[in-house]
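K.L.:
One structure, as structure tokens, below. Some questions next.
The values are calculated or read from the model by the stated rules, or taken from the named source; none is laboratory data. For clarity, every value in this text was computed on a predicted model and none was experimentally measured. Quick reminder, even Gly has a Cβ in these numbers, built from the backbone with ideal geometry, and neighbours come from all protein chains shown. Side chains included, ligands, DNA and RNA excluded: accessible areas come from the protein's heavy atoms. Shrake-Rupley method; radii C 1.70, N 1.55, O 1.52, S 1.80 Å.
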Amino acid sequence: MSTMPKRMLLNAFSMNCVSHIQQGLWVRDDTRQLEYTQIDPWVELAHILEKGCFDALFLADVVGVYDTYKGGPETSIIEGMQIPSNDPSLLVSSMAHATKNLGFAYTSSIYQAHPFTFARQMSTLDHLTRGRIAWNIVTTYLSNAALNYGLGGLPPHDERYDLADEYLEVTYKLWEGSWEDDAVLSDTVRGIYADPSKIHQINHTGKHYHVAGPHLSEPSPQRTPLLFQAGSSTRGRSFAAKHAECIFISESKDSLQGESNVINDIRSQAKQLGRRPEDILFFQGISPVVGGTEAEAMSKASDYIDQFSTEGSLAHLSGGIGIDMGVVDLDQRLDTIDPQSMRGFIKSLIESAPDKKRTFRDLIRNRMAGQFLTGTPEQIADALEEWQQRGVDGFNIVYSVTPGTFVDFIDGVVPVLQSRGLVQREYSPGPLRQKLFGAPKLPDRHIGASYRQLT
Ligand SMILES: Cc1cc2nc3c(=O)[nH]c(=O)nc-3n(C[C@H](O)[C@H](O)[C@H](O)COP(=O)(O)O)c2cc1C
């Protein structure tokens, strides 16, 4: 008996800024990154993604500048590397108005908005999008972001996750517990909009927040937005196991072999919390470079690699890991660098290089080039199937040029995946969570559901 193949999920990964992941390519004629301040390219992108049956557009965000590289923000500023960077949430309404089914996941740090304000913004967007909104929960890794919110510096890693736990608790209480399902009467005959006995204060008093409530928004289609997260540390994984419904990973194929890989680990932790393995979906990040022939794809990729900005990439990496990669001379041969004088990350990077006669610049460029998944539509579809066989549920497509990378993927790879029965040909009905999990609200076994009123 043949079984139906599992549906492969697709997200487009972007950011409301000039240069997001593939640094240096914004200067090209075939990308619209310079138009990021305008609504038109975003609405066009939403149309393209919906035509390609993508599940969601995922918008990254940061609330500070990357200023670790060479001890300052100059490189990031020169490279347009996530600065300037505009608020992603404000793009959503216009894109939602232009589409019917595409989901919108945007990033918001627990440090950038009070949970009461944030919960109301999310509920508003969940109403306006008819339930197509998702939240990428981040705890922030940039120390400049912490300085922007008066924290004096970045709080220790695990403390940030502790704060996130309480932040989530407040928002669950507002989204799930404040208004009962039948609170809104909208009774024009009796002139009663809502029933006060069914709307509750939340009276949250915690370590960090004191919130009385009630929530100001009435229940939206999903109530709690679909919850995305990307945590790879031990604490990050336990947080994900408790809260996340969709998880971003950036793993090598090899690292997904073996029992103790990140997917199995998070799923088994979730199980211990009363959740089911299928309550969590994993999205692997990929950078596809599609060509009509393999040679065409390779030539496109080598064009991109020629234009890569090593400095922009190092500024990105340095900020992300909190280590200044600018301490190494880019043109120094690897075998002349004394690894003992370097921080652990840089040391292991240098030690991992197969050819020590190359320079540090070569090493970084190879690392960037190594992120590409280059080939014909069939070759890329084969590679995605392999990922899927290793337990990945979907992909987060990283662009090199926008919307070109998405257009090439949708015109070339999506039809191949559809013919293999792997990608949907049309959307299923309902809110985003229903499209992914079959029901619009959080399942009863999710921690957020425990804050619902017992009726
Ligand atoms: C695909 C992906 C997207 C991410 N997007 C953002 C983002 O937009 N903003 C942000 O501050 N952090 C972002 N992160 C970083 C994560 O939130 C998190 O800090 C990182 O994965 C490290 O997790 P850990 O602290 O548990 O090790 C992203 C991570 C991944 C893998």
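K.L.:
Being in contact with an Asp or Glu (Cβ under 9 Å, 6 or more places away or on another chain), within 11 Å of the ligand (Cβ to nearest atom) and either farther than 26 Å from residue 115 by Cβ or in a helix (DSSP H, G or I) (or both), is that true of even one residue in region 214-233?
P.N.:
No; the residues of region 214-233 include none that is in contact with an Asp or Glu (Cβ under 9 Å, 6 or more places away or on another chain), within 11 Å of the ligand (Cβ to nearest atom) and either farther than 26 Å from residue 115 by Cβ or in a helix (DSSP H, G or I) (or both).
K.L.:
How many residues does region 263-284 hold that are within 16 Å of the ligand (Cβ to nearest atom) and out of contact with any helix residue (DSSP H, G or I) (no Cβ under 7 Å at 6 or more places or on another chain)? Walk me through it before giving the result.
P.N.:
Here is the first cut: in region 263-284, the residues within 16 Å of the ligand (Cβ to nearest atom) are 263, 265-266, 269-270, 280-284.
After this cut, where a residue has to be out of contact with any helix residue (DSSP H, G or I) (no Cβ under 7 Å at 6 or more places or on another chain) as well, the list is 283.
Residues meeting the conditions: 1.
K.L.:
Looking only at region 74-99, count how many residues are under 19 Å from residue 39 (Cβ atoms) and touching a Phe, Trp or Tyr at 6+ places or on another chain (Cβ under 8 Å).
P.N.:
Result for region 74-99: 8.
K.L.:
If you don't mind, there's one more thing I want to ask. Within region 243-257, take every residue that is among the small types (Gly, Ala, Ser) and touching a residue at least 24 places away in the same chain (Cβ under 8 Å) and give me the one that is farthest from residue 449 (Cα to Cα).
P.N.:
As a first pass, look at region 243-257 and keep what is among the small types (Gly, Ala, Ser): 244, 250, 252, 255.
Then drop every residue that is not touching a residue at least 24 places away in the same chain (Cβ under 8 Å), which leaves 244, 250.
Working: 244: 13, 250: 29 Å.
Going through the qualifying residues, I end up with 250.
K.L.:
Check region 190-201 and report whether any residue there is touching a Leu at 6+ places or on another chain (Cβ under 8 Å), surrounded by 13 or more Cβ atoms within 10 Å (Cβ to Cβ) and in contact (Cβ under 8 Å) with a residue 60 or more places away in the chain.
P.N.:
No, that holds for no residue.
K.L.:
Among the residues of region 9-47, write down those that are surrounded by fewer than 20 Cβ atoms within 10 Å (Cβ to Cβ) and more than 21 Å from residue 80 (Cα to Cα).
P.N.:
43, 44, 47 - these are the residues of region 9-47 that are surrounded by fewer than 20 Cβ atoms within 10 Å (Cβ to Cβ) and more than 21 Å from residue 80 (Cα to Cα).
K.L.:
For region 226-239, state whether one or more residues are among the basic types (Lys, Arg) and surrounded by 20 or more Cβ atoms within 10 Å (Cβ to Cβ).
P.N.:
Kept after step one, since they are among the basic types (Lys, Arg), are these residues of region 226-239: 235, 237.
Keeping just the survivors that are surrounded by 20 or more Cβ atoms within 10 Å (Cβ to Cβ) gives none.
No, every residue in region 226-239 fails to be among the basic types (Lys, Arg) and surrounded by 20 or more Cβ atoms within 10 Å (Cβ to Cβ).
K.L.:
Conditions: (1) at pLDDT 90 or above; (2) open to solvent by less than 40 Å² (accessible area, probe 1.4 Å); (3) more than 19 Å from residue 291 (Cβ to Cβ). Residue 353 meets all but one. Number of the miss?
P.N.:
(1)
K.L.:
What's the total number of residues in region 243-260 that are surrounded by fewer than 18 Cβ atoms within 10 Å (Cβ to Cβ), away from the ligand (no atom under 11 Å from the Cβ) and on the phi < 0 side of the Ramachandran plot?
P.N.:
So the count comes out to 7.
K.L.:
I need every pair where a residue in region 207-232 that is of a type in the set (Phe, Trp, Tyr) has its Cβ under 8 Å from the Cβ of a residue that is open to solvent by 40 Å² or more (accessible area, probe 1.4 Å), sequence separation at least 6 or different chains.
P.N.:
From region 207-232, the pairs are 209/114.
K.L.:
Spot the failing condition for residue 367; the list is (1) in a loop (DSSP other than H, G, I, E, B); (2) among the basic types (Lys, Arg); (3) open to solvent by 70 Å² or more (accessible area, probe 1.4 Å), and only one is missed.
P.N.:
Against the list (1) in a loop (DSSP other than H, G, I, E, B); (2) among the basic types (Lys, Arg); (3) open to solvent by 70 Å² or more (accessible area, probe 1.4 Å), residue 367 comes up short only on (1).
K.L.:
When you check residue 43 against the structure, is it within 24 Å of residue 432 (Cβ to Cβ) and more than 16 Å from the ligand (Cβ to nearest atom), yes or no?
P.N.:
Taking the combined requirement at face value, the residue satisfies it.
K.L.:
Another one. Report, by residue number, each residue of region 299-348 that is more than 27 Å from residue 26 (Cα to Cα), open to solvent by 10 Å² or more (accessible area, probe 1.4 Å) and in a helix (DSSP H, G or I).
P.N.:
335, 336, 339, 340, 341, 344, 345, 347, 348
K.L.:
Which helices (runs of 4 or more DSSP H) does region 49-167 wholly contain that include 1 or more residues that are open to solvent by less than 10 Å² (accessible area, probe 1.4 Å) and away from the ligand (no atom under 16 Å from the Cβ)?
P.N.:
Per the criteria, 92-97, 115-128.
K.L.:
Also, I was wondering about something else. Taking helices (runs of 4 or more DSSP H) that fall entirely within region 381-455, which contain at least 1 residues that are open to solvent by 20 Å² or more (accessible area, probe 1.4 Å) and closer than 30 Å to residue 168 by Cα?
P.N.:
Of the helices (runs of 4 or more DSSP H) lying wholly inside region 381-455, those with at least 1 residues that are open to solvent by 20 Å² or more (accessible area, probe 1.4 Å) and closer than 30 Å to residue 168 by Cα span 432-437.
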